Amino acid sequence: PHFTLLAVGGADLPAFDLKWREAVQFYRVIGPNSAKRDGALVDVHGEVHRIYGDGLILVRPDGYIGFTGSSGASGLQNYLNRFFV
């Protein structure tokens, strides 16, 4: 029942409007050799990084990818605004 935002590699999780906080769950995805693991998902085999590279991936509640882009992408905010007006 929520969106899932994955920040892959060196991508930063963006600061979001409070209206999105309960509807979007945030996770950092790191490589297996990353020293900083505090609550991050570990891409053990490197598949996420290989397929998507560094950046943001927004998974819709129905399981489809709704947005991919760089960490500074205003496109993500524009995409989410379509659902939270």
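If you place +1 on the Cβ of every Lys and Arg and -1 on the Cβ of every Asp and Glu, how big does the dipole about the Cα centre of the chain come out, in debye to the nearest 20?
On the way: 8 positive and 8 negative charges, 16 e Å.
The dipole of the chain has a size of about 80 debye.
From Cα pairs below 8 angstrom and at least 6 apart in sequence, can you work out the relative contact order of the chain, rounded to a whole percent? Kindly include the intermediate steps, with their values, before the conclusion.
Details: 136 pairs, mean separation 28.3, N = 85.
This gives 33 percent for the chain.
Quick one: what are the phi-derived ³J(HN,Hα) couplings along the stretch 51-66, Karplus 6.51/-1.76/1.60 with θ = phi - 60°, whole Hz, x for glycine and proline?
Ordered by residue, 3J(HN,Hα) equals 7, 9, x, 6, x, 9, 10, 9, 9, 6, x, 8, x, 8, 6, x Hz.
Calculate for the chain the 222 nm mean residue ellipticity that helices alone would give, adding -39,500 (n - 2.57) per DSSP H run of length 4 or more and normalising by residue count, nearest 500 deg cm²/dmol. Write out the running numbers ahead of the final one.
On the way: 2 runs with 14 residues, N = 85.
After summing the helix terms and dividing by the residues of the chain, the value is -4000 deg cm²/dmol.
Equivalent ellipsoid semi-axes for the stretch 45-85, as square roots of 5 times the alpha carbon gyration tensor eigenvalues: give them largest first, rounded to whole Å.
Details: eigenvalues 92, 35, 5 Å².
Computed over the stretch 45-85, the values are 21, 13, 5 Å.
Laboratory data are not the source of any read-out in this text; all were calculated from the coordinates shown. Being a predicted model, the structure only gives us computed values, none of them experimental. Here Cβ is always computed from backbone atoms with ideal geometry, including for glycine, and neighbour counts include all displayed protein chains.
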